[in-house]
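The values are calculated or read from the model by the stated rules, or taken from the named source; none is laboratory data. On a predicted model such as this, the values are computed, not experimentally measured, just so you know. Cβ sites come from the backbone with ideal geometry, for glycine too, and all protein chains shown count toward neighbours. These area figures cover heavy atoms from the full protein model, side chains too; ligands, DNA and RNA do not enter into them. Shrake-Rupley method; radii C 1.70, N 1.55, O 1.52, S 1.80 Å.
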Amino acid sequence: MSEKPQAPRGTYDVLPEDDAGRRAVEAAARSILGGAGYRRIETPIFEHTELFARGVGASTDIVQKEMYTFKDAGDRSLTLRPEGTAPVMRSYHEHGMHKLPQPAKLWYLGPFFRQEKPQAGRYREFWQVGIEAIGSSDPAVDAEAITLLHALATELGVTGVRLRLASLGTPETRAEYRELLVAHLRAHEDQLSEEVRARIDLNPLRAFDADHPGTREVMRAAPLLIDHLTDEDREHFAEVRARLDAAEIAYEIDPTLVRGIDYYTRTLFELTSDALGAQSGVGGGGRYDRLAETLGLPDTPGIGWAAGVERLLLAGDHRPHPEPVCDLYVAGTDVAAFTLTAEARRAGLNVQLELAGRSRKGQLKQADRSGARYVAIFGDEGINLKDMESGEQETVAADAVVARVLRGRHLS
Ligand code: AMP
């Protein structure tokens, strides 16, 4: 016997009982982000592989080992999107959004794909809600973006929130700093984990992320990027911080903050929740003033973040929305029952139709389970309309049922 089909590892089904939570995330995003003038954008689920290879960075884990890449019938290499920023930057230029008032303020919500090792809170297909503000390098945009991530998490009841903040400076500053860091790592090579040692030249910053005790010891004495920023970058960072202070958003400066994407410049941030386990990241992002150039597009500054929808739900305490009220349960399966259902729905009622050929008793039980206000039972002399609240029954002509239910709804 063949095995039963199962969902692929690292994916999950959104079951009917999960729908309310996901709607709560969407509603909160629409209200908070839309309220701040961000407008929704959705880009394709797959893009040319090149977009991510260049945009996310060849040395990143995402590009090196996590992308779902395939060839289409025309032998073009396509990739299921692992992140949203490079696609939104592409779309901004493809659709001439630079001609709109700047910055273009965009938000998105949808599925993303990374071939990571599945564990609690980490999936291979997951959803992100995110924003991108493209076309301004003003520190006010950075500060506003961070407050919006904070507001979204707060609105969804995320507890134990920690906001970490850093500045990465410009790529030039980073290049100089990188040499210092590589020199430090080389000087202590024998104490480092094998993985870090193998990647000293490729991605020395990742050493700050390591759990390995020897590596951690070496990193305690490592030079910090924040001590090597240019005056302009230091000033930008101070302006961002002044605004977060004014908005009374609590944050910690974390000079070791590293994110697995190459394109960040200047402001970098991450919001975590202690309600989550090892995968404590709720959302994060940063400024990416060099991304457009990397993609071969005109120089365009931008900043954005993405938050994991599953993590927001795991760490939050959203109140479920009530299910739609069932106004009428039509207890019949014949054509007359179907006609009544169609008519009542056209009149704007929420109607559920008997679909299982139950006995009269079974129908009433199912109507009760559905929370129906009225049940229409087909009899010889017309339709027996039962008010499930009062228990009263009356015989009503078929063409009068809808009006009767509507009246009852207005009275209650
Ligand atoms: P990133 O795009 O890596 O900056 O991630 C932003 C946020 O997306 C993280 O803080 C997580 O909440 C969420 N996220 C990233 N990768 C995954 C994953 N594999 N499964 C679930 N959520 C994820």
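Rounded to the nearest whole Å², what accessible area per residue is found for region 24-143 with the 1.4 Å probe? On a per-residue basis, 43 Å².
Does region 328-411 come out rounded, prolate or oblate by the C-alpha gyration tensor, with a ≥ b ≥ c the root eigenvalues, rounded set by a/c under 1.5 and, if not, prolate when a/b is larger than b/c and oblate if not?
Here region 328-411 falls in the rounded category.
Tell me whether region 1-59 comes out rounded, prolate or oblate; compute the Cα gyration tensor, take square roots of the eigenvalues as a ≥ b ≥ c, and use a/c under 1.5 as the rounded threshold. Oblate is the answer for region 1-59, as a/c is 1.5 or above yet b/c matches or exceeds a/b.
Taking each of 361/386; 4/71; 71/117 in turn, the alpha-carbon distance tops 18 angstrom for 4/71; 71/117. If you bin all the Cα-Cα distances of region 169-224 at 10 Å, starting from zero, the percentages per bin are 27, 59, 14, 0. Amide H contacts for residue 374 (H built 1.01 Å from N in the peptide plane; partners 5 or more residues away or on another chain; cut-off under 5 Å): 328, 329, 388.
Which percent, nearest 5, of DSSP beta bridges in the chain are antiparallel? Approximately 85 percent, going by the DSSP bridge assignments. Tell me the carbon and sulfur percent of the accessible area for region 89-200, rounded to whole percent, probe radius 1.4 Å. Percent of accessible area from carbon and sulfur atoms in region 89-200: 49. Rolling a 1.4 angstrom probe over the protein heavy atoms with all chains in place gives region 328-411 an accessible area of 58 Å² per residue. Highest mean first, the peptides 343-351, 287-295, 34-42 sorted by other C-beta atoms within 10 Å per residue fall in the order 287-295, 343-351, 34-42. For residue 154 and residue 12, what is the calculated FRET efficiency with R₀ set at 25 Å and r taken between the beta-carbons, to the nearest 0.05? For R0 = 25 Å, the calculated efficiency reads 0.45. Within region 328-411, DSSP assigns beta bridges of which about 60% are antiparallel (rounded to the nearest 5). Each part reduced to its alpha carbon centroid, region 183-222 and region 249-312 end up 22 Å apart. Heavy-atom surface analysis with a 1.4 Å probe gives region 328-411 a carbon and sulfur content of 49 percent of its accessible area.
Rounded, prolate or oblate for the chain? Axes are the square roots of the Cα gyration tensor eigenvalues, ordered a ≥ b ≥ c, and the cut-off for rounded is a/c under 1.5. Cα axes put the chain in the prolate bin. Rounded to the nearest 0.05, what FRET efficiency is calculated for residue 278 and residue 361 with R0 set to 60 Å and r the Cβ-Cβ distance? The calculated FRET efficiency here is 0.70.
Using helices alone, what [θ] at 222 nm do you get for the chain, with -39,500 (n - 2.57) per DSSP H run of 4 or more residues, divided over all residues and rounded to the nearest 500? That comes out to -10500 deg cm²/dmol. Using the Cβ-Cβ distance between residue 381 and residue 76 with R0 set to 51 Å, the FRET efficiency from 1/(1 + (r/R0)^6) comes to roughly 0.15.
Available extension along the chain between residue 40 and residue 140 is 33.9 nm, counting 0.36 nm per residue and deducting the alpha carbon span.
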